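Novice: Submitted below is the structure of interest, expressed as structure tokens.
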Amino acid sequence: MARPRTFDEERALDAAMHAFWVNGYEATSTQDLCEATGLGRSSIYNTFSSKRDLFRRALARYIDTMTTRQLTILDDQQRPAVERIRDLFARIIDDEIENRRNGHSLGCLTVNATVELAGQDPETDRMLERDLARRLASFRAVVAAGQRDGDITSGRDADSLARFLNAVIGGMRVSAQGGADRATLEAIAATAVDALTC
């Protein structure tokens, strides 16, 4: 008879997610994962089968948590489009400021994974592509709504503006990792909103 697990798998997954978020995939060793989760090597491999499998599950958890939270802001159709976009930028900035160490933010695990692992693992690539498609669809919808309502006045098409907004957020994340402070991130966000409304 198999012995029951004596640990909280969800808590272990959260701890592993944070370790990958802080260090990246390659730089996170099995020993780092043992220390972060409080589990031994055998427990990690019996539960998650491999470091790559654990990373994919941690990335899926991050995507489910962070993307869902961000898209909830964008999908609130009771509010004007530009207000939703401003609120999303504010949430991104708050996340970056809250997740700092030594004056540098952790950035975004999906952005970090894209930079580190793009083209190296087809399954991870598919996860990141699905997440990107979901975010772009939400951006397109909010931009199109703003253009219909007149609060987004840019003559660019909704798809181009969706990709622009996604790139701005990625750039803000990387800037925060480089040490950009709140005022700098707020200025980037304000410039992006100006591009939509001028």
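Novice: Could we say that residue 94 is surrounded by fewer than 18 Cβ atoms within 10 Å (Cβ to Cβ), assigned to a helix (DSSP H, G or I) and more than 15 Å from the chain's Cα centre (by Cα) here?
Specialist: Details: surrounded by fewer than 18 Cβ atoms within 10 Å (Cβ to Cβ): yes; assigned to a helix (DSSP H, G or I): yes; more than 15 Å from the chain's Cα centre (by Cα): no.
Against the criterion (surrounded by fewer than 18 Cβ atoms within 10 Å (Cβ to Cβ), assigned to a helix (DSSP H, G or I) and more than 15 Å from the chain's Cα centre (by Cα)), residue 94 does not qualify.
Matching residues to (1) out of contact with any Pro (no Cβ under 9 Å at 6 or more places or on another chain); (2) without any contact (Cβ under 8 Å) to a residue 24 or more places away in the chain; (3) under 18 Å from residue 160 (Cα atoms); (4) aliphatic (A, V, I, L, M):
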| residue | (1), (2), (3), (4) |
| --- | --- |
| 70 | yes, no, no, no |
| 80 | yes, no, no, no |
| 103 | yes, no, no, no |
| 126 | yes, yes, no, no |
| 140 | yes, yes, yes, no |
| 146 | no, no, yes, no |
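Novice: What number of residues within region 104-129 satisfy the criterion of being at pLDDT 90 or above, open to solvent by 20 Å² or more (accessible area, probe 1.4 Å) and assigned to a loop (DSSP other than H, G, I, E, B)?
Specialist: 2
Novice: When you go through (1) in contact with a Ser or Thr (Cβ under 9 Å, 6 or more places away or on another chain); (2) of a type outside the set (Ser, Thr, Tyr); (3) closer than 19 Å to residue 176 by Cβ one by one for residue 132, which number turns out not to apply?
Specialist: Looking at each condition in turn, residue 132 falls short on (3).
Novice: Applying the selection to region 51-87, what residues are hydroxyl-bearing (Ser, Thr, Tyr) and open to solvent by 40 Å² or more (accessible area, probe 1.4 Å)?
Specialist: 65, 68, 72
Novice: Which members of region 166-198 meet the condition of being within 14 Å of the chain's Cα centre (by Cα), closer than 22 Å to residue 80 by Cα and open to solvent by less than 60 Å² (accessible area, probe 1.4 Å)?
Specialist: Initial filter on region 166-198 (within 14 Å of the chain's Cα centre (by Cα)): 166-174, 176-177.
Pick out the ones that are also closer than 22 Å to residue 80 by Cα and you get 166-169.
Scanning region 166-198 gives 166, 168, 169.
Novice: Go through (1) crowded, with 19+ Cβ neighbours inside 10 Å; (2) closer than 16 Å to residue 193 by Cα; (3) of a type in the set (Ser, Thr, Tyr) and name the single condition residue 153 misses.
Specialist: Unmet condition: (1).
Novice: Residue pairs, Cβ under 8 Å, 6 or more apart or interchain, first in region 176-198 and in contact (Cβ under 8 Å) with a residue 12 or more places away in the chain and assigned to a helix (DSSP H, G or I), second open to solvent by less than 30 Å² (accessible area, probe 1.4 Å) and among the polar types (S, T, N, Q). List them.
Specialist: 176/105; 177/105; 195/154; 196/154; 197/154
The values are calculated or read from the model by the stated rules, or taken from the named source; none is laboratory data. These numbers were taken from a predicted model, which means no experiment stands behind them. Don't worry about glycine lacking a Cβ; one is built from the backbone with ideal geometry, like all the others, and counts go over all protein chains shown. We work out accessible area using only protein heavy atoms, side chains counted, and drop any ligands, DNA or RNA first. Shrake-Rupley method; radii C 1.70, N 1.55, O 1.52, S 1.80 Å.
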